[in-house]
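Peer 1: One structure coming up, written as C-alpha cells, with questions to follow.
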Amino acid sequence: MASRSFKEALDSGDFVVTSEVGPPKGTNIEEMLHHIDLLKDKVDGINTTDNQSSVMRISSLAVCHLAQERGAEAILQVTCRDRNRMALESELLSANILGVHNVLCLTGDYVSVGDHPDAKPVFDLDSVHLIQTVRTMEQGKDIAGNELNGPTRFCVGAIVTPEANPIEPQLLKFEKKIRAGIDFVQTQAIYDLDNFKRFMQYARRFEVKILAGIILLTGVGMARYMNANVPGVVVPDQLIRELAGAPKGQALQTGIAIAGRMIRQIKDERICDGVHIMAIGHEGLVPQILETAGL
Amino acid sequence: MIVGERKPFDEIKAKVSDYRKVLVLGCGTCVAVCMAGGEKEVELLASQLRLASRMDKKEIEFAEHTIVRQCDREYTEPILEKLGEYDAVLSLACGAGVQLVSDVVEDVAVLPALNTRFIGSTREEGVWIERCRSCGDCVLGDTGGICPLTICPKGLVNGPCGGTNDGKCEVTSEKDCAWTTIYNRLDKQGKLDNIRRIFSPIKYSAQTTPGLQVNEAYLKVETEGTDGQ
Ligand code: SF4
Ligand code: SF4
C-alpha cells in the first residue's frame, strides 16, 4: 500500500491502518527489518518510535529512512524529551531530505521511567509547540523567524488519550493541538468501544482524521498490568474475563481475536477513520490481526 | 525561600580535614527556616565535627558563628576580620551565601556544608516543596498561582501530557499532576479561558547565566551621589 503516501491514504476516505516498529537497542536490526518487510504492504504507515519509554535506542529517523528505502511509508515519531528546539528543527529538515514526510509530535515520557534516569530532561518545546514548529517551517521559516533555504512539507499528527482521568485538561490540550494544525491523531489504546464512541461524538467536530489505538493484549497478566500501570488505558473486566477464560496456551490467540474483532467493529460502524495497531514485542503478529479483522 | 539540606557528614568531614582552624558559619534566614543552616544546626554540626576529629586524633579547632544573611554584604563585611582568623569557613548558607562570603574573604577557603535544593515553601512542618524555577517570565497570573514550570516535571505550559493517572503525575504517583491542579483551580475561579490560548515556548534568553538584575533608579541615585563614579 506504500504506492500512495500516508497523506493520500488519509485523504482517500478509506479506512486507514497504521502500525509501528520499535527501533532496537543495539546495532542488530535484522528482526526489525523483517517486521518492516512484513508490514510495509499491509498498512498505510509505519510509526517508528523515538527512544520509547525513555529507553535509549536507534534513532527514529534512521529507522524511518531504512523503512522508506524498503518501500514502506514511515511516520517519524518525535518527542520533546531529548532535544532542544534547534535539534528538533534540524531533525525535521533531515527527515524531509531523507524523504520522510509524516511526523507524529509527542511530549515524551519523563527520563526517570527509562534506562538513563540521570539524563537531563529537555522539554524545551512541548507537543503543541512542536506542531507549530512543523507548520512554521512549512512556511519557509524556522521558529526563531529565520529564512529557510527550502521549506519542509509534512503530514502532521498528534496523540490523545480518550480515557484520560481527568479528561477535561487532556481535551483542552487536544484542542490546542488541533488549533496548532494537525492532520491526524493516533489515540492511546482504547478497549471500551462505547466509551470511545462517546469520545468520537465529541471529536467528530474537528477536521482531523482519527485512528483508534489498538494494543494487542497478550494475556490476562498484561491486561491487568496495563490497568494498574499505564495511565489512561482501561481494559474492561469483560475482556479480562475473556482472556482469563482462554484455554491453556491460547491467551495470545484470544488477544489477537479481541484486537481483530475491535478493528472490524470500528471499521464496520465507521466509528473513526482508521486504526493504529501496536503489537509491542509481537510485531510479527500484525498481519494475523489484520486478517482476523477482515482487512 | 531557598531550601537546602546538609551534605552527608563524611563529605563535610573530609573537606575540612586539612585545616586547623575552622569557622562553622550559619545563616539566619532561609536555611534557618528549613532547619539546615541556622544557629541550631551550626551548633550540632560543630559538635559532631569536634567529636569526630577527636576520635580521628586530629587537632582541628571548630568555632561557631551565625549571621543574619550570608548573601548580603551588610552582614558579611562586618565579620571580615573575624573570618580572617580562620584557615577555612564552613558555610551553612545556600550557594549564594557561600559565594558571597568567599568573595569577601578571598584568601580563606570557604566550603559549603549544604546542598542547595530549590526555591520553595513549607508544605507542612518539616516538609518543603519547590515552587519556582526563577524562569524570569512568570505565568502564575494565568495558571491559578500554580507554576507549571516547577510543579510539572516536564515544565509543560500548554496542558498535561498523556501520563496523568487519576489526577496524579506520571513521574511520581505521590504528586498531583500540575495540570489537574491548575485546571481545577481555574475552574473554581471561572477562569479556564486563561489557559485556552497557546502559550509560547519559554524564552531561555530571559534566563541569562548568571542572571543579573539592575535597579536603574537606585543606580542613578548612587552615581549622582558619588560624583559620576
Ligand atoms: S512561572 Fe514559575 S518558574 Fe517562572 S517565575 Fe513564576 S513561579 Fe517561578
Ligand atoms: S502528569 Fe502532569 S505534572 Fe506530571 S509530567 Fe505529565 S503533565 Fe506534568
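Peer 1: Can you tell me which residue within the stretch B:134-145, out of those that are exposed (fewer than 15 other Cβ atoms within 10 Å of the Cβ) and under 13 Å from B:ALA206 (Cα atoms), is nearest to ligand 1 (Cβ to nearest atom)?
Peer 2: B:CYS138
Peer 1: Examine the stretch B:45-64 for a residue that is at negative phi and touching a Gly at 6+ places or on another chain (Cβ under 6 Å), and state whether such a residue exists. Working first, answer last.
Peer 2: Within the stretch B:45-64, the subset at negative phi is B:45-56, B:58-64.
Narrowing further to those that are touching a Gly at 6+ places or on another chain (Cβ under 6 Å): none.
No, that holds for no residue.
Peer 1: What's the number of the condition B:PRO112 fails, among (1) more than 15 Å from ligand 2 (Cβ to nearest atom); (2) surrounded by 14 or more Cβ atoms within 10 Å (Cβ to Cβ); (3) closer than 30 Å to A:ALA189 by Cβ?
Peer 2: (3)
Peer 1: Among the residues of the stretch B:196-210, is there at least one that is in contact with a Pro (Cβ under 7 Å, 6 or more places away or on another chain), more than 13 Å from A:PRO169 (Cα to Cα) and either touching a residue at least 40 places away in the same chain (Cβ under 8 Å) or at the interface with another protein chain (Cβ under 8 Å from one of its Cβ atoms) (or both)? Show your work before the answer.
Peer 2: Taking the stretch B:196-210 as the starting set, the residues that turn out to be in contact with a Pro (Cβ under 7 Å, 6 or more places away or on another chain) are none.
Scanning the stretch B:196-210 turns up no residue that is in contact with a Pro (Cβ under 7 Å, 6 or more places away or on another chain), more than 13 Å from A:PRO169 (Cα to Cα) and either touching a residue at least 40 places away in the same chain (Cβ under 8 Å) or at the interface with another protein chain (Cβ under 8 Å from one of its Cβ atoms) (or both).
Peer 1: Could you pull out every one of the helices (runs of 4 or more DSSP H) wholly within the stretch B:89-193 that has 1 or more residues that are more than 14 Å from chain A (Cβ to nearest Cβ) and in contact with a Pro (Cβ under 7 Å, 6 or more places away or on another chain)? Break it down into steps so the answer makes sense when it comes.
Peer 2: Values: elements: B:95-104, B:148-151, B:178-189.
Counting at least 1 such residues, we get B:95-104.
Peer 1: If you go through the stretch B:128-136 one residue at a time, do you hit one that is of a type in the set (Lys, Arg) and touching a helix residue (DSSP H, G or I) at 6+ places or on another chain (Cβ under 7 Å)?
Peer 2: yes
Peer 1: Looking at the stretch B:131-140, which of the residues that are in contact (Cβ under 8 Å) with a residue 24 or more places away in the chain and of a type outside the set (A, V, I, L, M, F, W, C) is farthest from ligand 2 (Cβ to nearest atom)? Even if it seems obvious, please write down each step before you answer.
Peer 2: Restricting attention to the stretch B:131-140, the residues satisfying the condition of being in contact (Cβ under 8 Å) with a residue 24 or more places away in the chain are B:134-137, B:139.
Then keep just the ones that are of a type outside the set (A, V, I, L, M, F, W, C); that gives B:134, B:136-137.
Numbers: B:SER134: 19, B:GLY136: 21, B:ASP137: 19 Å.
That would be B:GLY136.
Peer 1: Determine whether B:VAL127 is within 16 Å of ligand 2 (Cβ to nearest atom) and either at positive phi or surrounded by fewer than 20 Cβ atoms within 10 Å (Cβ to Cβ) (or both). If you could, list the steps in order and put the result at the bottom.
Peer 2: Working: within 16 Å of ligand 2 (Cβ to nearest atom): no; either at positive phi or surrounded by fewer than 20 Cβ atoms within 10 Å (Cβ to Cβ) (or both): yes.
Taking the combined requirement at face value, the residue does not satisfy it.
Peer 1: Could I ask something else about it? I'd like the residue in the stretch A:107-138 that is more than 8 Å from chain B (Cβ to nearest Cβ) and of a type in the set (A, V, I, L, M) and, out of all such residues, is surrounded by the fewest Cβ atoms within 10 Å (Cβ to Cβ).
Peer 2: A:ALA119
Peer 1: Next question, about the same structure. Looking only at residues in the stretch A:51-81 that are assigned to a loop (DSSP other than H, G, I, E, B) and within 14 Å of chain B (Cβ to nearest Cβ), which one is nearest to A:CYS105 (Cα to Cα)? Walk me through it before giving the result.
Peer 2: From the stretch A:51-81, those assigned to a loop (DSSP other than H, G, I, E, B) are A:51, A:55-59, A:70-73, A:80-81; that's our starting set.
When the remaining residues are screened for being within 14 Å of chain B (Cβ to nearest Cβ), the result is A:80-81.
Working: A:CYS80: 8, A:ARG81: 11 Å.
Only one residue fits best here, namely A:CYS80.
Peer 1: Using the structure shown, decide if A:ALA158 is touching a helix residue (DSSP H, G or I) at 6+ places or on another chain (Cβ under 6 Å) and either among the acidic types (Asp, Glu) or under 23 Å from B:ASN165 (Cα atoms) (or both).
Peer 2: Numbers: touching a helix residue (DSSP H, G or I) at 6+ places or on another chain (Cβ under 6 Å): yes; either among the acidic types (Asp, Glu) or under 23 Å from B:ASN165 (Cα atoms) (or both): yes.
Criteria met by A:ALA158.
Peer 1: Going through B:VAL171, B:VAL214 one at a time, which residue ends up being farther than 19 Å from B:MET1 by Cα, within 13 Å of ligand 2 (Cβ to nearest atom) and within 25 Å of the chain's Cα centre (by Cα)? Outline the logic, then answer.
Peer 2: Working: B:VAL214 fails: within 13 Å of ligand 2 (Cβ to nearest atom).
None of the others qualify; the one that does is B:VAL171.
Peer 1: Does B:VAL89 qualify as being farther than 24 Å from B:VAL127 by Cβ and surrounded by 15 or more Cβ atoms within 10 Å (Cβ to Cβ)? Quick ask: steps written out before the conclusion?
Peer 2: Values: farther than 24 Å from B:VAL127 by Cβ: yes; surrounded by 15 or more Cβ atoms within 10 Å (Cβ to Cβ): yes.
Judged against the criteria, B:VAL89 is a match.
Peer 1: Looking only at the stretch A:158-180, decide whether some residue is outside any helix (DSSP H, G or I), over 16 Å from the mean Cα position of the chain (by Cα), more than 14 Å from every other protein chain (Cβ to nearest Cβ) and crowded, with 21+ Cβ neighbours inside 10 Å.
Peer 2: No, that holds for no residue.
Peer 1: Hey, can you tell me all the residues within the stretch B:141-168 that are near ligand 2 (Cβ under 8 Å from one of its atoms) and closer than 20 Å to B:ASP187 by Cα?
Peer 2: Selection gives B:PRO148, B:ILE151, B:CYS152, B:LEU156, B:GLY159, B:PRO160, B:CYS161, B:THR164, B:ASN165, B:LYS168.
Peer 1: For A:GLU269, all conditions in the list (1) touching a helix residue (DSSP H, G or I) at 6+ places or on another chain (Cβ under 7 Å); (2) closer than 28 Å to A:PHE6 by Cβ hold save one; what is the number of the exception?
Peer 2: Of the numbered conditions (1) touching a helix residue (DSSP H, G or I) at 6+ places or on another chain (Cβ under 7 Å); (2) closer than 28 Å to A:PHE6 by Cβ, the odd one out for A:GLU269 is (1).
Peer 1: Among the listed residues B:SER121, B:SER53, B:SER47, B:SER102, identify the single one that is under 15 Å from the mean Cα position of the chain (by Cα) and hydroxyl-bearing (Ser, Thr, Tyr). Reasoning before the result, please.
Peer 2: Working: B:SER53 fails: under 15 Å from the mean Cα position of the chain (by Cα); B:SER47 fails: under 15 Å from the mean Cα position of the chain (by Cα); B:SER102 fails: under 15 Å from the mean Cα position of the chain (by Cα).
Step by step, each of B:SER121, B:SER53, B:SER47, B:SER102 is checked, and only B:SER121 is under 15 Å from the mean Cα position of the chain (by Cα) and hydroxyl-bearing (Ser, Thr, Tyr).
Peer 1: Give the residue that is nearest to ligand 1 (Cβ to nearest atom), with candidates limited to residues of the stretch B:146-190 that are surrounded by fewer than 23 Cβ atoms within 10 Å (Cβ to Cβ) and on the phi > 0 side of the Ramachandran plot.
Peer 2: B:GLY155
Peer 1: Continuing with the same structure: Return the residues of the stretch B:141-155 that are within 24 Å of A:ALA180 (Cβ to Cβ) and out of contact with any helix residue (DSSP H, G or I) (no Cβ under 6 Å at 6 or more places or on another chain); say none if nothing qualifies.
Peer 2: We begin by selecting, within the stretch B:141-155, every residue within 24 Å of A:ALA180 (Cβ to Cβ); these are B:141-144, B:146-149, B:151-155.
Those that are within 24 Å of A:ALA180 (Cβ to Cβ) and out of contact with any helix residue (DSSP H, G or I) (no Cβ under 6 Å at 6 or more places or on another chain): B:GLY141, B:CYS147, B:LEU149, B:PRO153, B:LYS154.
Peer 1: Let me spell it out: the conditions are (1) away from every other protein chain (no Cβ under 13 Å); (2) in contact (Cβ under 8 Å) with a residue 60 or more places away in the chain; (3) surrounded by 23 or more Cβ atoms within 10 Å (Cβ to Cβ), and A:LEU104 meets all of them except one. Which number is the exception?
Peer 2: Of the numbered conditions (1) away from every other protein chain (no Cβ under 13 Å); (2) in contact (Cβ under 8 Å) with a residue 60 or more places away in the chain; (3) surrounded by 23 or more Cβ atoms within 10 Å (Cβ to Cβ), the odd one out for A:LEU104 is (1).
Peer 1: If you don't mind, another one. Which one of the conditions (1) in contact (Cβ under 8 Å) with a residue 24 or more places away in the chain; (2) in the same structural domain as B:VAL24 (by TED's automatic domain parsing); (3) not basic (Lys, Arg) does B:ILE79 fail to meet, given that it meets all the rest?
Peer 2: So the condition that B:ILE79 fails would be (1).
Peer 1: With respect to the numbered conditions (1) assigned to a helix (DSSP H, G or I); (2) buried (at least 20 other Cβ atoms within 10 Å of the Cβ), which one is the sole condition not fulfilled by A:PRO231?
Peer 2: Of everything listed in (1) assigned to a helix (DSSP H, G or I); (2) buried (at least 20 other Cβ atoms within 10 Å of the Cβ), A:PRO231 misses just condition (1).
The values are calculated or read from the model by the stated rules, or taken from the named source; none is laboratory data. Keep in mind that what you see is a predicted model, and the values were worked out from it rather than measured. We place every Cβ from the backbone using ideal geometry, glycine too, and count neighbours over all the protein chains shown.
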